[in-house]
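Note sheet for the following structure.
Please treat every number below as a calculation from the coordinates, not as lab data. Quick caveat, the model's predicted, so the values are computed rather than measured. Here the Cβ positions follow ideal geometry from the backbone for every residue, glycine too, while neighbour counts run over all protein chains shown.
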2 protein chains.
Amino acid sequence: MRLQVLQKCLSKWKYCLQVSAKMTYSSQFRSMSRMVDRVRYMQKLKENEGACQSAIKEGYFAIFCNLKPLLTREGILWKSYPDVVRSIALSYNCDPLKDAVFVTVDGPGGPPKFAVNIPSPKGFEPKEFETKVGEDLGGRASSLRKAMFILPEDSVAVLSLAYSMLQWHSKTQFCSCCGKTTVKDVAGYKRSCLSCSEIFYPTTQPVAITLVTNGNRCVLARQPRFPPQMYSALAGYSEPGESLAKTVQREVAEEVGLEVDRIHFHDSQHWSLPTSSLMLGCYAELMDGSSDEIKIDKAELEEARWVSREELQALLEDEEATTRVPGLVGGPNIYIPPVQAIGNHLITSWALQK
Amino acid sequence: MRLQVLQKCLSKWKYCLQVSAKMTYSSQFRSMSRMVDRVRYMQKLKENEGACQSAIKEGYFAIFCNLKPLLTREGILWKSYPDVVRSIALSYNCDPLKDAVFVTVDGPGGPPKFAVNIPSPKGFEPKEFETKVGEDLGGRASSLRKAMFILPEDSVAVLSLAYSMLQWHSKTQFCSCCGKTTVKDVAGYKRSCLSCSEIFYPTTQPVAITLVTNGNRCVLARQPRFPPQMYSALAGYSEPGESLAKTVQREVAEEVGLEVDRIHFHDSQHWSLPTSSLMLGCYAELMDGSSDEIKIDKAELEEARWVSREELQALLEDEEATTRVPGLVGGPNIYIPPVQAIGNHLITSWALQK
């Protein structure tokens with residue numbers, strides 16, 4: 001049954017900000033220290049230029065073309081350093097030692113993983129170039145969004161991080177203080193200005209995503225860019241000067257003209273599209289005695305409506321409907337975001353509450 | 001008694017992410033809609049160039065010199081638009097219509113508030129210039145940090161926001177994608193590149209601030225830049241690819257070599273120093289069966305130690321000690337951050353739990 005599948009999915013997410021069971025190692029100290037060892041090894045590769053320069057030659061590389069990951073039927077296309085030097089550096093004027101970003105390690109002893117982007121040269125039609133690179137290397141350039149919906153969780157995590165880092169580098173080529181060129185460190189965790197010495201670190205923007213509730217109803221809204229009939233919770237960037245609660249209150253007032261309080265944090269998620277964000281999932285209740293009339297901001301939203309818990313439960317039960325719009329959940333009149341997105345978990349957690 | 005003062009302070013903050021009582025208006029709808037009206041009026045001033053251009057002439061301006069706010073004995077030095085034109089624009093080659101950032105409005109009908117920065121001209125000794133500007137305008141340039149510890153909460157909120165915005169503009173004069181000049185919109189809520197059309201919005205970085213606990217003990221740590229004997233919770237920027245829980249786990253492992261789980265969000269706060277951050281306050285428990293041996297990262301921390309709840313309570317009770325290091329709480333061997341900082345609230349909330 002559809003409901004059971006969703007409940008199983010939800011059990012993977014936490015109602016509170018807790019860590020997944022797989023992080024709980026056995027109680028032996030030797031095993032315990034492996035997580036610290038791994039984190040500190042990663043810290044070393046991020047901060048120590050020499051250590052990273054050596055590690056890069058033992059590393060494996062996820063290849064992006066125009067910021068699109070190259071995939072095979074098995075998942076991410078991984079290339080070793082010699083492969084990269086032989087098949088990429090020479091053909092595409094791309095230097096893995098200079099252009100790669102460090103992504104992760106599987107364990108303290110495991111090989112480090114990097115990512116490198118091959119941008120299409122001037123005068124080349126981007127799509128044509130992506131096809132050529134894919135054919136040359138034995139993969140296929142896919143949009144990150146598509147990859148996120150078909151690959152397993154750990155591959156998605158690697159690609160999302162790599163994409164965020166590569167995109168940040170492509171947009172931080174110049175110093176925002178003085179306009180001169182910036183240069184990447186080996187790991188890709190900072191860029192420095194050659195002229196005024198300003199240092200830049202990869203950025204991620206806090207975004208509040210909020211499900212407004214009132215008793216047995218919640219507010220679902222759709223942005224014009226959503227797939228047809230897809231609705232989600234309200235979302236907006238946190239601005240300087242705001243706590244998370246203030247962001248939630250402002251964004252709800254701006255977008256649907258409602259007043260909320262009793263704001264509770266639920267869970268968080270990194271989201272790399274369109275740019276790197278830390279999505280902070282919250283519930284907010286309509287303020288007692290305030291108007292429940294939705295007045296949408298037409299510049300932001302196409303529509304917003306109150307939906308009952310029963311209506312959502314029926315929609316989540318409708319197994320057949322899920323197949324109508326691949327990736328989305330629900331139907332026939334409303335779909336909610338796919339299970340990969342925190343918006344799905346905010347909505348289904350609330351809908352499935354007893 | 002010191003403990004009562006702290007409990008009173010804490011009652012102003014929430015154990016959960018709730019909104020302060022003063023936001024709960026009376027139950028009349030007319031009053032209810034005022035918050036939405038205010039937010040939407042602010043949104044209009046942020047997004048509508050013409051509306052903001054008109055409003056600016058009715059506005060009041062907080063003046064910064066070299067990003068230091070000008071204060072009087074009564075608090076922030078506010079200047080009207082005619083005052084700014086007369087006494088600032090002419091003398092300091094500073095155009096309020098071009099350089100000011102919108103900060104807030106007191107209500108939907110109230111005058112809008114802006115902030116403007118006067119940087120010291122080349123060849124001028126900054127301190128000398130700040131003194132001169134202060135004398136000319138009838139105020140005194142103070143460091144933001146000092147202002148944050150002496151002014152009431154609402155003034156601090158205005159100055160912190162203004163500082164974050166003005167600092168962001170001073171550091172976003174050029175396009176990070178192509179290196180060409182960027183221009184501010186009227187309200188200061190975006191900058192656009194004249195050459196490649198890239199748009200930049202004011203940024204704020206998510207930071208996890210975490211109190212690690214284990215039964216009756218918690219970890220307090222000090223960074224070398226802290227005032228002598230001041231200790232606080234662990235803090236670090238969230239990186240691309242991380243959820244908040246992952247940031248907490250990585251940062252605790254990196255900084256003190258401990259493994260944590262059962263991570264709970266407590267509360268959040270905007271903090272403008274050194275640059276705009278959304279501080280996300282969390283508790284994390286030492287993982288069952290993992291080592292409690294602290295191994296600090298010497299590059300980040302000077303010291304870290306387990307402190308018992310009783311030790312903290314005694315320190316918070318020691319009223320006299322508070323006066324020894326102005327602004328800080330505690331003594332004689334450990335001080336914790338002032339009540340304005342979320343670090344204080346994480347520590348005291350936990351210490352005062354029954």
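Relative to the other copies, what are the label-point distances for A:ARG309, with labels 7 Å from Cα along the C-beta vector, expressed in nm at one decimal and sorted shortest first?
Copy-to-copy label distances for A:ARG309: 3.4 nm.
Which GluC sites (Glu not before Pro) in region B:288-318 pass both tests, a DSSP loop state and at most 12 other beta-carbon atoms within 10 Å?
Those that pass, being in a loop and sparsely packed, are B:GLU293.
How much FRET efficiency would the formula 1/(1 + (r/R0)^6) give for B:ARG225 and B:GLU293, where r is the Cβ-Cβ distance and R0 is 25 Å, rounded to 0.05?
Efficiency, rounded to the nearest 0.05: 0.45.
Quick check on chain B: of the DSSP beta bridges with both residues there, what percent are antiparallel, nearest 5%?
Percent antiparallel among DSSP bridges in chain B is about 75.
Tilt of helix A:153-170 relative to the longest C-alpha principal axis of chain A, in degrees (0 to 90, nearest 10)?
70 degrees
Could you pull out the chymotrypsin sites (Phe, Trp or Tyr not before Pro) across region A:188-271 that fall in loop regions by DSSP (anything but H, G, I, E, B) with no more than 10 other Cβ atoms inside 10 Å? Provide the component values of the computation, followed by the final result.
Details: sites: A:TYR189, A:PHE200, A:TYR231, A:TYR237, A:PHE265, A:TRP271; in loops: A:TYR189, A:TYR231.
Here no chymotrypsin sites (Phe, Trp or Tyr not before Pro) fit, given the DSSP loop and packing criteria.
Can you give the calculated 222 nm mean residue ellipticity of chain A, where each DSSP H run of n ≥ 4 adds -39,500 (n - 2.57) and the sum is split over every residue, rounded to the nearest 500 deg cm²/dmol?
Taken over chain A, the calculation gives -10000 deg cm²/dmol.
In degrees from 0 to 90, rounded to the nearest 10, what is the angle of the helix A:244-256 Cα long axis to the longest principal axis of chain A?
Between the helix axis and the principal axis of chain A, the angle is about 60 degrees.
Find, among the trypsin sites (Lys or Arg not before Pro) in region A:217-261, those assigned to loop by DSSP (not H, G, I, E, B) with at most 14 other beta-carbon atoms within 10 angstrom.
A:ARG225
What's the FRET efficiency of A:GLU198 with A:ALA314 using the Cβ-Cβ distance as r and R₀ = 51 Å, to the nearest 0.05?
Details: r = 55 Å, r/R0 = 1.08.
Working from the Cβ atoms, E equals 0.40.
Using a 7 Å offset from Cα along the direction of the beta-carbon, what are the separations from B:PRO126 to the same position in each other copy, nm, ascending?
Counterpart label points of B:PRO126 in the remaining copies fall at 4.1 nm.
What number, in percent, do you get for the relative contact order of region A:128-208 if the mean sequence gap of Cα pairs under 8 Å and at least 6 apart is divided by its residue count? Present the calculation step by step, with values, prior to reporting the outcome.
On the way: 65 pairs, mean separation 12.4, N = 81.
This gives 15 percent for region A:128-208.
Please list the non-local residues whose amide H lies under 5 Å from the amide H of A:GLY281, H modeled 1.01 Å from N, same-chain partners needing a gap of 5 or more.
The answer is A:ILE209, A:HIS266, A:ASP267, A:SER268, A:GLN269.
Amide H neighbours of B:GLU259 under 5 Å, counting only residues 5+ apart in sequence or on other chains, H built in-plane at 1.01 Å?
Those lying under 5 Å, H to H, from B:GLU259 are B:MET287.
Could you tell me which of the pairs B:LYS79/B:LYS190; A:LYS295/B:LYS98; B:LYS44/B:LYS246; A:LYS295/B:LYS113; A:LYS127/B:LYS171 are separated by over 30 angstrom between their Cα atoms in the structure shown?
The pairs that break the limit, which is 30 Å between Cα atoms, are A:LYS295/B:LYS98; B:LYS44/B:LYS246; A:LYS127/B:LYS171.
Using Cα pairs under 8 angstrom and six or more residues apart, how large is the relative contact order of region B:148-281, in percent?
Relative contact order here is 20 percent.
What does the copy distance list look like for B:ASN93, label position 7 Å along Cα→Cβ, in nm and ordered from shortest?
4.1
Exposure proxy check: B:LEU315, A:LEU352 ranked by fewest other beta carbons within 10 Å? Present the calculation step by step, with values, prior to reporting the outcome.
On the way: B:LEU315 22, A:LEU352 15.
Fewest-to-most Cβ neighbours within 10 Å comes out as A:LEU352, B:LEU315.
Given contacts defined as C-alpha pairs under 8 Å and at least six residues apart, what's the relative contact order of chain A, whole-number percent?
Reported relative contact order: 15 percent.
What aspartates and glutamates sit close enough to B:LYS298 to cross-link, taking a C-alpha to C-alpha distance under 15 Å and skipping anything fewer than 8 places away on the same chain?
A:GLU47, B:GLU251, B:GLU254, B:GLU255
Roughly speaking, what % of Cα-Cα pairs in chain B are separated by over 27 Å, rounded to a whole number?
Details: 34468 of 62481 pairs.
The share of Cα pairs beyond 27 Å in chain B comes to 55 percent.
Counting only residues 5 or more places away or on other chains, whose amide H sits under 5 Å from the amide H of A:ALA141 once H atoms are built in the peptide plane?
Sorted by chain and number, the residues that satisfy this are A:LEU71, A:GLY134.
What residues of region A:235-274 lie in the reach of a label at B:ASP37, counting those whose backbone N is under 16 Å from a point 7 Å from the Cα along Cα→Cβ?
A:254, A:257-259
Distance between Cα centroids, region A:131-171 to region B:223-271: provide it in whole Å.
So the two Cα centres are separated by 30 Å.
Pairing the Cα long axis of helix B:342-351 with the longest principal axis of chain B, what angle in degrees results, from 0 to 90 and rounded to the nearest 10?
Compared with the principal axis, the helix lies near 30 degrees.
If r is the Cβ-Cβ distance from B:GLU135 to B:LEU273 and R0 is 30 Å, what FRET efficiency results, to the nearest 0.05?
Details: r = 26 Å, r/R0 = 0.88.
Calculated value: 0.70.
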